[in-house]
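Q: Before I ask anything, let me first share the structure, which is written out below as structure tokens.
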Amino acid sequence: MKYLFLLSIISVAITSCQIEDPDAPAPDEAFIKYFGELTSYTATDIEIVYDGGGVPQQLVVFGSKTSQAGDDDYFVLRTDLEGNLIDSVSYGFTNNAGRDLTGDGNPDVFIGDEIGGQIQPLAGGGFITIGTSSITDNNRGISDFRILTAGILNESLELQNDTLFALVSSKGNPDLDLIGNDVITLSDGSVLFVGAKEFDRGGGVTDFDNYFLKFDFTDRVVFDGVQGVHGDGEDEIAVRVFEKPGRNIVIVGDSNTPSDRGENGGDNGTNVQLLEIDENGSFVNTSTYGINAGTGGVVSNESVKNAIMTPSGFTIVGTTVTSQNDEFAFVMSTTRSGVFLSGNLHDSSAYEGIETRGLGVTLAANSDVIILGQYPSFNFLEEGQPRVSRGGEGMFVRFDQACRPVDGVESFFGLADGNDQIVDAVTLPDGKVIAVANVDFGGGVRLISIMKLNADGSLD
């Protein structure tokens, strides 16, 4: 096991856009850096930006930032590969309602709290982002309506037309029941959005179905669709999307559909789902799998948080919550056609079996699986050492290709107090891993941290 943790920082004014640890190794080897001002940031994704020859050049982080007005805006941060800040931008959803309900002489303006999803570099330069805007307007009785919102940024991080665009219904109004989780560029130059759509089934019954939409940048929707099971609580949530070499599309998420593996006699809770459609949006196949969290009637509920496409298939991570209220990160691998290969829970045997959460995933240079996430409550006693008792800690752990934990490769990260988490990571050609974390400094201040680590989760 390894310890990767930070001491509490005092007597430092967190007012610049970047804070560096003066005791960190040389930045071409390893580093830990912080980004932000005196407010709260939440990172959700990190990606590598390549040049035209496929050589890594920059890092881009996507998430949200609490504005001076108190609402959350989308936030994009860009650095070089040594973690030196290049630029950043924040932007949010606003919409003129056209009516003055407040009596101030001006039309009401809807302002959304933005929930970051994913960011995708575009082939011609720039980026596209996807997320969800939560709209509340007490004057109209609107509470937490969800709108899928996307933004197109140029290479200077300037928002196209100075505005986000929201997916709209057939009546031309924003669709107030969509959430946006992922976006990819397809081989034909279009983009595909995925998330979930909430349906009112009548009689007080609502549920979410997988949602997908193909858009070709000429303001034309090529196709859209939903997939799911009707019923109260029968939720299907699309989390990540991938294009296979033959142009078919695989959507990875979670569903209440029973697992194809039939664990626990068919009573197996929420499971991982792989939905495949062709390039025209027509259904091809669906597969659903769970993780067996125990015996004696224990039901495990898998919530997918991230996934990657590997040379042999897909690797999926998330969190399993059992019917006994235990919480553990999980990892699962499948073939590209959706056949289950292996899966496992991470009960953190290195740290006395404390609970874990899976949030991000990347492949190590040797094709091991690196899982990023959180120990929600870190309390650990090592023989001959004083007990370590902390809040939420970031998690770095490695599994082999058969989803078996690699002995001795487990690290925790965070400040002495606070609720910290590592949310995602990417792997550079030299095998170094660059992870992004949310670090809680207390007092409502949470910063984004970027860390360059070895494949064993260390700064050495």
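A short reminder: the numbers here are calculations on the coordinates, not readings from a lab. It should be emphasised that the depicted structure is a prediction, and the values quoted were computed from it without experimental measurement. Quick reminder, even Gly has a Cβ in these numbers, built from the backbone with ideal geometry, and neighbours come from all protein chains shown.
Q: So which trypsin sites (Lys or Arg not before Pro) in the stretch 352-424 are both in a DSSP loop and have at most 14 other Cβ atoms within 10 Å of their Cβ?
A: Within the stretch 352-424, the qualifying trypsin sites (Lys or Arg not before Pro) (loop, at most 14 other Cβ atoms within 10 Å) are Arg387.
Q: Restrict the search to the stretch 179-255; then list the trypsin sites (Lys or Arg not before Pro) that DSSP places in a loop and that have at most 10 other Cβ atoms within 10 Å of their Cβ.
A: Here the sparse-neighbourhood loop sites are Arg220.
Q: Short version: ³J(HN,Hα) in whole Hz for each residue of the stretch 259-264, in order, from phi by Karplus 6.51 cos²θ - 1.76 cosθ + 1.60 (θ = phi - 60°), x for Gly and Pro, what are they?
A: Whole-Hz 3J(HN,Hα) from phi for the stretch 259-264: 5, 5, 7, x, 4, 6.
Q: Okay, next question. Can you compute 3J(HN,Hα) from phi for each residue in the stretch 330-337, using the Karplus curve 6.51 cos²θ - 1.76 cosθ + 1.60 with θ = phi - 60°, rounded to whole Hz and x for Gly and Pro?
A: Computed from phi, the couplings for the stretch 330-337 are 10, 9, 9, 10, 9, 6, 5, 8 Hz.
Q: Also: Going by amide H atoms built from the backbone, whose H comes under 5 Å of the H on Glu155, apart from near neighbours?
A: For Glu155, the qualifying residues are Gly126.
Q: Please report how far the C-alpha centroid of the stretch 429-459 lies from that of the stretch 383-412, rounded to the nearest whole angstrom.
A: Using only Cα atoms to place each centre, the spacing works out to 15 Å.
Q: Using amide H atoms built 1.01 Å from N in the peptide plane, name the residues 5+ places from Arg261, or on other chains, whose amide H lies under 5 Å from its own.
A: It is Gly290, by chain and number.
Q: Pairs of lysine in the stretch 98-453 with Cα under 17 Å and at least 8 positions apart or on different chains: total?
A: Counting lysine pairs in the stretch 98-453 gives 4.
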